[in-house]
Amino acid sequence: MYRYLKALPSFLVLILISGCARYSIGYNIKPSTSLCSLSKTVAVELFSDERPTEERKGLTNEFLSFSSMDSHFDKEVRVAICELLSEELNSGGIKSFIIKDIDDLAEFDYILRGKILHFQTIIKPSKTTLVPYLGAVSTIWARDEFLTLVTIYAELLDRNNDSIFRKTFNISEGIELKTGILNVGRLSRGLNYKLKLLNIALSDVLKQIKQDVLNNIKKDVRGS
């Protein structure tokens, strides 16, 4: 028990530091190998954020089960995601801009709107320790489970407001990672892994949306 009490101050300090840190939602976007040659423009309406409250505020129903939450990020989640989606479309050869004023939509060939349904990673501490993150694992690498869920609904419309496609894009993954030998380092690594996994899953989802947008614009142009 004395050992746990001795480690507690460092643990609490780390939680406070981690809670104050702000992380960027994002990843490197490279130009697509096959660019769209069509001179078309897409207005990305700022997506609505329809995530459950527990995703925004973080899970509190499990003892020391850490999850992502809005306070971790340096920018509003829907704004960051729409900015990345617009960059993805531009990387594919489609001129894309984020639009907040509906009066500007008439200037674009297509409108992309949608909903953020899920954007979260949950860390489930290993039960091999007596108390998660304060337990007796000090000589072997602890393994914790990370559950990541990114779900985005997207709809593409033409300038007549007719729907070209509507679809829900989803990535749901669980992975077990080695998070540390010392418990303090374990918590720090866990928080970093959590955000990296979110960015990887988001990248997969946004690339899927981009590809569907490009494919459907090509079909629409050929059919007109």
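Observations
Quick grid of which residues meet (1) modelled with pLDDT of 85 or more; (2) buried (at least 17 other Cβ atoms within 10 Å of the Cβ); (3) more than 16 Å from the chain's Cα centre (by Cα):
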| residue | (1), (2), (3) |
| --- | --- |
| Thr128 | no, no, yes |
| Leu134 | no, yes, yes |
| Leu206 | yes, yes, no |
| Asn215 | yes, no, yes |
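- Figure legend. Inter-residue proximity from the range 198-224: first residues at negative phi, second residues of a type in the set (Asp, Glu) and assigned to a helix (DSSP H, G or I), beta-carbon distance below 6 Å, spacing 6+ or different chains. Indicated pairs: Leu206/Glu88; Lys210/Glu88.
Conditions (1) at pLDDT below 90; (2) loosely packed, with under 14 Cβ neighbours inside 10 Å; (3) not acidic (Asp, Glu), marked per residue:
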{"site": "Ser96", "(1), (2), (3)": "no, no, yes"}
{"site": "Leu112", "(1), (2), (3)": "no, no, yes"}
{"site": "Lys115", "(1), (2), (3)": "no, no, yes"}
{"site": "Ile152", "(1), (2), (3)": "no, no, yes"}
{"site": "Asp158", "(1), (2), (3)": "no, no, no"}
{"site": "Asn161", "(1), (2), (3)": "yes, yes, yes"}
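- Residue that is modelled with the lowest pLDDT [pool: residues in the range 136-150 that are crowded, with 18+ Cβ neighbours inside 10 Å and aliphatic (A, V, I, L, M)]: Val137
- Close pairs (6 angstrom Cβ cut-off, 6 or more residues apart or separate chains): more than 30 Å from Ala106 (Cα to Cα) in the range 16-40, part of a loop (DSSP other than H, G, I, E, B) and at pLDDT 70 or above anywhere: Arg22/Asp74; Ser24/Asp74
- Selected residue [closer than 27 Å to Val213 by Cβ and either of a type in the set (Asp, Glu) or modelled with pLDDT under 65 (or both)] from Glu50, Glu62: Glu50
- Residue count for the range 27-47 under the criterion of being modelled with pLDDT of 70 or more and assigned to a loop (DSSP other than H, G, I, E, B): the result is 11.
- Residue that is modelled with the highest pLDDT, among those in the range 65-77 that are among the polar types (S, T, N, Q) and in a loop (DSSP other than H, G, I, E, B): Ser68
The values are calculated or read from the model by the stated rules, or taken from the named source; none is laboratory data. These numbers come from a predicted model, not from an experiment. Methodologically, a virtual Cβ is constructed for each residue, glycine included, from the backbone with ideal geometry; neighbour enumeration extends over all protein chains shown.
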